[in-house]
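Peer 1: One structure coming up, written as structure tokens, with questions to follow.
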């Protein structure tokens, strides 16, 4: 009887596992301020602040500082990376960043320009 209960429990867990979504473990890695450096753009090397916040379970935010900050249009979030979409100088751009360690990101702007990010620790 015990063996049947164990098998039934196992099958039940397998059946519902596709419907279970992983919840954050209390850590919200990407929601923070990041200093982003992009090298070799047509305008030269560029450094800006990316400010990401979590609202209603979704990331949103801005790029830049103060009044010159631009709104992020959309963010695609994965467990270890994000892709940020925004408009700048008449172009629709995307910035792809992957988690390197607790305070660093690595990636690219539009698949052409190397980008790095460092968490701003105050």
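Peer 1: Scan the range 34-52 and give yes if some residue there is within 13 Å of the chain's Cα centre (by Cα), farther than 17 Å from residue 115 by Cβ, free of Cβ contacts under 8 Å to residues at least 60 places away in the same chain and assigned to a strand (DSSP E or B), otherwise no.
Peer 2: no
Peer 1: Can we say residue 71 is out of contact with any strand residue (DSSP E or B) (no Cβ under 8 Å at 6 or more places or on another chain) and either within 17 Å of residue 28 (Cβ to Cβ) or outside any helix (DSSP H, G or I) (or both)? First the steps, then the outcome.
Peer 2: Values: out of contact with any strand residue (DSSP E or B) (no Cβ under 8 Å at 6 or more places or on another chain): no; either within 17 Å of residue 28 (Cβ to Cβ) or outside any helix (DSSP H, G or I) (or both): yes.
No, not satisfied.
Bear in mind that the values in this text are calculations on the coordinates, not laboratory data. All of these numbers come straight from a predicted model, not from anything done at the bench. Counting neighbours? That spans all protein chains shown, and the Cβs are built from the backbone with ideal geometry, glycine included.
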